[in-house]
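Report on the following structure.
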Amino acid sequence: MIRIRRIDTRHPLYAQEVDLRTRVLLRPIGLTMDDYLTLAPGREERSEHFVAVFDHPQGERVLGTATLLCPDGDAEERSGKVSQVCVDPQRQNEGIGQKLMVAIEARAFGELGLPGLYCHAQLVAIPFYEKIGWRVNSEVFLEAGIKHKRMAIAAPAETDIADPELEFELE
């Protein structure tokens, strides 16, 4: 069973999260995690990290990850930003990314009471987000040399995001 866990940068699974993000998101565009940390100073520590894990004989293994950055008190933007969403290429199309997004939406709209979420989606990822209810709300722009569009979703009128197949373990 795939479990979604919320961790921080001090958690033992964080190293696996960084490795997955590096392999799937950063290395293909010529960046390292140090480059990312330089481009987004402080974001890593301020974000909530969600990981999809499964039990392996040698311990838990991270299969997917996503981060949620909540607006700070002085920010004009009141919505949270989802970023660094990825799933191990060998496990894509199994619903892992969707489970990560359900967990983030449940946290953002339930516990945190945010009015909405947004992300900068690579063009190839737009169908994934549209399938789970997100909508494009910008023209194409370049970020890290890749074409993106801003996508967003508003908090539902009634928060009922329970998924009986999803096991949350939030720390």
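For the reader, a short list of remarks on this structure follows.
- Note on Arg78 and Arg43: the extension gain reaches 11.0 nm, defined as 0.36 nm multiplied by sequence separation minus the Cα-Cα distance.
- Each residue of the stretch 34-39 was assigned a 3J(HN,Hα) from its phi angle through the Karplus curve 6.51 cos²θ - 1.76 cosθ + 1.60 (θ = phi - 60°); the sequence is 4, 4, 4, 5, 6, 5 Hz, with glycine and proline shown as x.
- Sequence-distant lysines (8 or more away, or on other chains) whose Cα lies within less than 16 Å of Lys81: Lys149
- Karplus-based coupling profile of the stretch 86-96, in residue order and whole Hz: 7, 10, 3, x, 6, 10, 5, 6, 10, x, 5, with θ = phi - 60° in 6.51 cos²θ - 1.76 cosθ + 1.60 and x standing for Gly or Pro.
- Exposure proxy for Leu20, Leu26: other Cβ atoms within 10 Å of each Cβ, ordered fewest to most, give Leu26, Leu20.
- The chain, relative contact order [Cα under 8 Å, separation at least 6], %: 23 percent
- For Val85, the residues whose amide H sits under 5 Å from its own are Thr67, ignoring neighbours fewer than 5 places away on the same chain, with H placed 1.01 Å from N.
- Net length available on complete extension from Ser138 to Asp34 is 34.5 nm, with 0.36 nm assigned per residue and the Cα-Cα distance removed.
- Local net charge near Glu60, Cβ-Cβ under 9 Å (Lys/Arg +1, Asp/Glu -1): +2
- Across all directions, the shadow cast by the convex hull of the stretch 3-170 built on its C-alpha atoms averages 10.2 square nanometres.
Quick note: the coordinates plus some simple rules give every number you see, no bench work behind them. Computed from a predicted model, the values in this text were never measured in an experiment. FYI the Cβ positions are ideal-geometry reconstructions off the backbone, even for glycines, and counts take in every protein chain you see.
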